[in-house]
Amino acid sequence: MDFQLTDEQTLLADTTRDLLSGYDTEKRNKVVESEPGFDRQVWGQLAEIGVLGLGFDEDSGGQIEIMVVLNEIGRRLAPEPVLHGAIGPGAIIAEVGTDAQRALLDDVAAGERILAFAHAEPGLRGSAGVTTTATNSGDAWTLSGTKNPVLAGDVADTLIVSAALPDGGTGLFLVDAANVTRTGYRTFDGQRGAQVELDATPAEPLGEAADAGEAITNALVRISAALCAEAVGVMEESLRLTTDYLKQRKQFGVTLSKFQTLTQRAADMYMSLELARSMGTYAAMSIADGELNPVIAARAKLQIGRSGRHISQESIQLHGGIGVTAEYPVGHYAARLTAIEHTLGSSSDQLRTLVGQLDSYEIATL
């Protein structure tokens, strides 16, 4: 099996890295503390190089291209909502939307429309059904309920909302963000989200007004794999910062890298990174091969969560007090890894998913 990137994929990674190279800690802190929490100019540049339209059709690139882009976004901790404001929800429209609805993706790819996937609800866990309800009267549909957290929901122009259908099942609907009540907020890792309140809000069925359970599962698998890719980029940079610090910081007249115990801990961090990279690649390649399997997503995200926690904790420990200051980057990387672990279910949730699959395997006996 060939794990090497193509020339085009390498070029995409290099171009994205160059575009985001201006994000040092000072600039990122300034951007995330201002409105809308990301740089509109950078957003436009990402659209120009084709990043915001990845995965919408065969010609725009697929999951491997998404993986290499999210690696670079993670490496720079770029606050632009590429995954939650464009690629993730856009793929849902591409999968089940009508021709007219798919036309919205041209605006998304051009950076002129931001999307958000409003699926999570307070108290919703695992495969539990949503409490947001859809009601139809003739050809008109309305939605009522609360969605939170909705990542990128504070700036979204169009929401993709999941809701319980009158005859059972869960449908997907397009909602104009101007018609909802939303309360935006900053997450502790510098990202943005919103609580969205729907009260008999007009909505348009995405595709047919039928159960979209499979499409929702596919969307969560794709987003989970992209989060894994971003986490790998975060871990790579966190490890680089740590090893550079060990080579520069002196104690007792020698650099910290001369202490064997510390270099062994750094080597353990590298092993965790490579485990995470392998599982992230596994998740992306499975999707690229047409297998959107929630069990594979859970396997990958479990390892990503474990590796991310190990690397983030060791990064701060090996830096000492400077590692938790706002002016130094490593604490921000630790915060992002923590947030990724808890997005779409923590490591414990992934483990429960995998334990629930045990009865599907044959028991090996000696």
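Observations on the structure shown:
- Expected 222 nm ellipticity per residue - DSSP helices of 4 or more, -39500 (n - 2.57), all of the chain, to 500: -16000 deg cm²/dmol
- Intensity falloff of segment 7-110 expressed as log10 I(q)/I(0), Debye formula with alpha-carbon point scatterers, at q = 0.14, 0.19, 0.22, 0.24 Å⁻¹: -0.53, -0.92, -1.16, -1.32
- Given 27/250; 30/258; 250/301, the pairs whose alpha carbons are separated by over 30 Å: 30/258; 250/301
- Model label points for residue 326 and residue 342, set 7 angstrom from Cα along the Cα-to-Cβ axis, are 2.0 nm apart.
- 5 angstrom amide H check on residue 249, placed H, neighbours 5+ away: 256
- Net charge dipole, the chain: roughly 2060 debye, given to the nearest 20, about the Cα centre with Cβ charges of +1 for Lys and Arg and -1 for Asp and Glu.
- Along the chain, the longest continuous region that contains none of the chymotrypsin sites (Phe, Trp or Tyr not before Pro) in a DSSP loop with at most 10 other C-beta atoms within 10 Å is 4-187.
- The residues of segment 7-110 present an accessible area of 42 Å² per residue when probed at 1.4 Å with all protein chains retained.
- 0 to 90° range, to nearest 10: angle between helix 7-19 axis and the chain longest Cα axis: 80 degrees
- Between residue 267 and residue 188, the contour length at 0.36 nm per residue exceeds the Cα-Cα span by 25.5 nm.
- D_trans [Stokes-Einstein, Kirkwood Rh over alpha-carbon pairs] for segment 196-258, 25 °C, 0.890 mPa s, µm² s⁻¹: 148 µm²/s
- Here segment 250-286 is scanned for amide nitrogen atoms under 16 Å from the site 7 Å beyond the Cα of residue 295 along Cα-to-Cβ, giving 283, 286.
- Length gained on full extension, residue 21 to residue 124: 33.3 nm, using 0.36 nm per residue less the C-alpha separation.
- Orientation-averaged projected area, Cα convex hull of the chain (nm²): 20.9 nm²
- Applying both filters, DSSP loop and at most 12 other Cβ atoms within 10 Å, to the GluC sites (Glu not before Pro) of segment 203-295 gives 208, 291.
The values are calculated or read from the model by the stated rules, or taken from the named source; none is laboratory data. Remember, it's a predicted structure, so these values are computed and weren't measured experimentally. A quick note on method: Cβ atoms are made from the backbone with ideal geometry, for glycine too, and the neighbour counts reach across all protein chains shown. These accessible areas exclude ligands, DNA and RNA; they are computed on the full protein's heavy atoms, side chains included. Shrake-Rupley method; radii C 1.70, N 1.55, O 1.52, S 1.80 Å.
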